[in-house]
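Take a look at the structure set out below.
The values are calculated or read from the model by the stated rules, or taken from the named source; none is laboratory data. Keep in mind it's a predicted model, so treat the numbers as computed, not measured. Here Cβ is always computed from backbone atoms with ideal geometry, including for glycine, and neighbour counts include all displayed protein chains.
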Amino acid sequence: MDFNRWKNLSEIIPADVEFFVNTYNFRSEVLKDIEEFASKEKVPILLPSSAVFLKFLVKLIKPKSILEIGTGIGYSTITMAEACPEAEILTVDSNAKRLEVAERFFQRAGLKNVAVVHSDAFGVVGDFLAEGKKFDFIFIDSVKSEYPFFNFKVQALLEERGIAVFDNVLFRGYVCGKSYDEKRYSRTVNLLKLFLEQVKEYPNFEVTLLPVGDGFLILKKKAPKGGWKSYVDRNDVSLNS
C-alpha cells in the first residue's frame, strides 16, 4: 500500500496542510536530502512537521544529554543536533544497514557530539539502568508495539524535569478509531492503546498528547513534591556539598 508516509506526508493531517507546513518551515539541505532518500527508498523517517516541532522543543529545553532510541537513517538525530549543537547525543539502533546510511549523513552534517550504538535498545537501556545513567531528553521512535515495554525504563532514565517524547503514538489514526487491516496491525494498535491508557495514571509526570505528524506523546518528569528544598531535607543532603 502506498502510504502518504513515503511522500513525507502525514496519515492523520490533511495532505494539503502537511505540504504547506513542509514548504513553510525551514529545513537544512542535509535534512531535505534525507527526505528525498527516504521517499525514494521507502524508508520511514520522522515526518517533517514532527521534525519542526521536535527541533523547537529541543531548542527551547536546551538539554545537555539526549538519548535517542531508533536512529533510522539519522533524520531526527540531525534535527536534534541542529537544535542544540552543544548537547551530547547517544543514538541506538539495531539495523546495521540503516545505521551505515545515518553515519554518512552525520558526516555530511558535520556532527561532533553524536555517539552511535549498534545494538538492541532493550539491552542498552538495561545497562544504563544498572549504571544509574540519566538523560535530560529522550526521544523514542522505534517499534511501536514495544512502547509499553520501554515505558517505565524510560521514566527511570530521565533526570528530574527531564522530557521524553514518543513518536507515532496515533499510528496513522488507527489508534483513534480509523479503520485498518486488523490482521496486520491489531497487535500494534492494541498495545499503543494500552500504552496511552497507562500514561494517564502516572503521578510523577505531566503528560501531553499532540496530533503532530503521526502523534507525539510528551512526558515531563515533575520535581519532587515540596520542591527541591523539601527533597534535600528529606534526604539529608547538603546544598553546599
Check your understanding: Does the stretch 29-57 hold any residues that are in a loop (DSSP other than H, G, I, E, B) and either basic (Lys, Arg) or loosely packed, with under 14 Cβ neighbours inside 10 Å (or both), and which are they?
Key -> Lys42
Exercise for review: Tell me, yes or no, whether the stretch 12-27 has at least one residue that is assigned to a loop (DSSP other than H, G, I, E, B) and in contact with a Gly (Cβ under 6 Å, 6 or more places away or on another chain).
Suggested key: yes
Practice item. Considering each residue of the stretch 26-47, count those that are more than 15 Å from Thr77 (Cβ to Cβ) and not charged (D, E, K, R), and give that number. Key: 3
Practice item. Could you please let me know if Pro148 is touching a residue at least 24 places away in the same chain (Cβ under 8 Å) and either loosely packed, with under 13 Cβ neighbours inside 10 Å or under 26 Å from Gly74 (Cα atoms) (or both)? Key: yes
**Study point:** Selection count, the stretch 58-69, where residues are surrounded by fewer than 21 Cβ atoms within 10 Å (Cβ to Cβ) and either under 26 Å from Val117 (Cβ atoms) or modelled with pLDDT under 90 (or both)
**Key:** 5
**Study point:** From Gly213, Gly162, Gly226, Gly177, residue being over 21 Å from Gly126 (Cα atoms), small (Gly, Ala, Ser) and at pLDDT 90 or above
**Key:** Gly177
Check your understanding: In the stretch 59-68, how many are closer than 24 Å to Val17 by Cβ and either in a loop (DSSP other than H, G, I, E, B) or within 11 Å of the chain's Cα centre (by Cα) (or both)?
Key -> 0
Review point. Which residue pairs have Cβ atoms closer than 7 Å, lie 6 or more positions apart in sequence or on different chains, and pair a first residue in the stretch 17-35 that is within 18 Å of Glu82 (Cβ to Cβ) and in contact (Cβ under 8 Å) with a residue 12 or more places away in the chain with a second residue that is among the charged types (D, E, K, R) and surrounded by 12 or more Cβ atoms within 10 Å (Cβ to Cβ)?
Key: Ser28/Glu82; Val30/Arg108
